[in-house]
1. Have a look at Gly185, Asn275, Leu19 and report the one farthest towards the positive end of the charge dipole of the chain, computed about the Cα centre with Cβ charges (Lys/Arg +1, Asp/Glu -1).
2. What list of ³J(HN,Hα) values in whole Hz, one per residue of the stretch 129-138 in order, does the Karplus curve 6.51 cos²θ - 1.76 cosθ + 1.60 (θ = phi - 60°) give from phi, with Gly and Pro shown as x?
3. At 37 °C and 0.692 mPa s, grab the translational diffusion coefficient of the stretch 263-321 from Stokes-Einstein with a Kirkwood Rh over Cα pairs, rounded to a whole number in µm² per second.
4. Counting residues in the stretch 170-239 as N, plug N into 2.2 N^0.38 Å and put the Cα Rg over that result.
5. Rolling a 1.4 angstrom probe over the protein heavy atoms, how many square angstrom per residue are accessible across the chain?
6. From the C-alpha coordinates alone, can you work out the Kirkwood hydrodynamic radius of the stretch 1-118, in Å?
7. Which of these, His295, His119, His327, has the largest mean-square fluctuation under a Gaussian network model of the chain (Cα springs below 10 Å)?
8. Amide H to amide H, which residues 5 or more places from Val165 or on other chains are under 5 Å from it, using H placed in the peptide plane?
Amino acid sequence: MLFSTERTYHDPLHGAIALNGSDPIEAALIRLIDTPAFQRLRRIRQLGSASLTFHGAESSRFTHSLGVLAIARRAFDRLASVYPQLQPYRAVVLCAALLHDIGHGPFSHTGEEVFGSNHEHWTGRILQESAPIRSALDTVAPDLTEQILQVYLKKHPIPLVWQLVSSQLDCDRLDYLMRDSYFTGASYGKIDLERILMAMRYDPVTQQLVVARKGMTAVEHYLIVRYFMYAQVYNHPKNIAACWVLQQAFVRARECLQQGLLEADDTVKAWLTDNCDRLPLNQYLAADDGVFTYHLQRWQSSTDAILSDLCRQFIDRDLPKTLDVTHLDTNDRQALLQSVQQRLGTVNGDATYYAGLQISLSRGYTLYQRGIKCHTAAGLQELSDLSPLVQTLTNPYERAWLIYPRAIDSALLKTQ
């Protein structure tokens, strides 16, 4: 049954994202959006705990997923108008773009570090196990689910199909750079989306996504933007501190649960006790930011002093300090950490909850999944071979951070 009306989502970046219910593919997209599994993404923040650093960073995986769909539709429809042989793949590209993040759990990527879950694993499970999702996909084609899974595994026989969703130049990255920049207030993420979309090409011989040489500057700028967003937003030291406190709170909660000292509902108990990737589907989908934030609020009154204090730090944003120790070798970093923990030992009980080392990594541009190919008079050429600027972005950038409480700030500085 087709929808007879148009569904419109008003997006701060892309304007009106209108889906036509009389189009079988877009009718299926509407049905997918209305499923409980997809609506749950409204309750998963796009940037995890980053709102404690950038107060406007409260957008959701739901808004991001709609944005990826909007960009993917523009990119695909433009390419298919020039290469009609691509038209049969419209459903798989658009559905894969919409559902690519449906497996995210509480606190997004931060939650994966805290709980050991894998959102890509869960995206696959939800597509296969959720009856409403399968029903919506099956109305389009009986093999659509399998094709989407091929996209996520980068195994679809037409490389362009999965490259639009997951590659060095995909619709996911284009949207999250723009969206995260907008909501954090950072100016680093402003890319020339129009020029990038106009530069996208399909190479019929290799069947892959390529860019026109004249669009190379816009792509170079996009890669620079991505580099700065990792350096200044995703790996911001205060964000690293917030993630640290959140992780330590749940480590302590897990220990309290094992000792029978933790009050929690069945969902949280399951996430703290079991392998998260082996949970029943309904128990995984029952978890979101609200469920876990509510427990953090409750645990502020826990009889366990450490758990209570860690939860208070996160809820009240009373976060620890960070010190860049990248210049120190591994032994010196450990010696400094031990010195801090010894000072804390007489104050905080178990100092390992209050001081530690964290590594932030910006991977830079890589040849991940074929890199980015440019269409030139000499044939297809790798972008990094043509651009000295991109070549400089291929080196990963790692920074090491010491996390420590504010209370020992002055004492710590004397040791430097």
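1. About the Cα centre, the residue reaching furthest to the positive side is Gly185.
2. Per-residue couplings from phi come out as 9, 7, 4, x, 5, 4, 4, 5, 6, 5 Hz.
3. The diffusion coefficient I find is 263 µm²/s.
4. That ratio works out to 1.24.
5. Details: 17950 Å² over 416 residues.
It amounts to 43 Å² per residue over the chain.
6. 15.4
7. Among His295, His119, His327, the largest GNM mean-square fluctuation belongs to His327.
8. For Val165, whose amide H was placed from the backbone, the distant partners under 5 Å are Cys171.
The values are calculated or read from the model by the stated rules, or taken from the named source; none is laboratory data. No experiment lies behind these values; they were computed from the predicted model shown. Glycine also receives a Cβ, built like all others from the backbone with ideal geometry; neighbour counts cover every protein chain displayed. The protein model used for the area step is the full one, side chains on, heavy atoms only, and it has no ligands, DNA or RNA in it. Shrake-Rupley method; radii C 1.70, N 1.55, O 1.52, S 1.80 Å.
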